[in-house]
1. Dividing the Cα convex hull volume of the chain by residue count, how many Å³ per residue is that?
2. Just to confirm the number: angle between the C-alpha axis of helix 15-26 and the first principal axis of the chain, 0 to 90 degrees, nearest 10?
3. Would you kindly derive the ³J(HN,Hα) couplings of the stretch 38-45 from the backbone phi angles with the Karplus curve 6.51 cos²θ - 1.76 cosθ + 1.60 (θ = phi - 60°), listing them in order in whole Hz, with x for Gly and Pro?
4. List LEU43, LEU25 from most exposed to least, where exposure is judged by having the fewest other Cβ atoms within 10 Å.
5. Report the residue, chosen from THR22, THR49, THR40, that carries the largest GNM mean-square fluctuation when the chain is represented by alpha-carbon nodes joined by springs under 10 Å.
6. Modelling each spin label as a point 7 Å along the Cα-to-Cβ direction, I'd like the GLU23/HIS3 distance in nm, to one decimal.
Amino acid sequence: MSHTFTVNVSGMTCGHCVSSVTEELSGLPGVENVAINLNTGGLSEVTITSTLTLDSAEIGEAVAEAGYLVVSNNA
């Protein structure tokens, strides 16, 4: 069974940002897919599909490791 989590991330402006966040989130246990809707002028929507339940702290730490900030989530 897959779980889907969506968070809004601030500070992402380019493809490199997308790659960095995708790489960090993909390293979390159970993550199968990371889809990012890049919004260079505001909040980018990040959707994570995982076979395991992730908590918002795990997601926030992975995004922070890439150098960005989760500003809201529904994880």
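1. Considering the Cα atoms of the chain, their hull volume per residue is 67 Å³.
2. So the helix axis and the longest Cα principal axis differ by about 20 degrees.
3. 6, 10, 5, x, x, 8, 9, 8
4. LEU43, LEU25
5. Result: THR40 has the largest fluctuation of those listed.
6. If labels sit at GLU23 and HIS3, their model points lie 2.6 nm apart.
Each reported figure results from applying straightforward, stated rules to the coordinates on display, with no laboratory input. Just so it is clear, the structure is predicted and the values come from calculations on it, not from any experiment. No Cβ is skipped: glycine too gets one built from the backbone with ideal geometry, and neighbour counts run over all protein chains shown.
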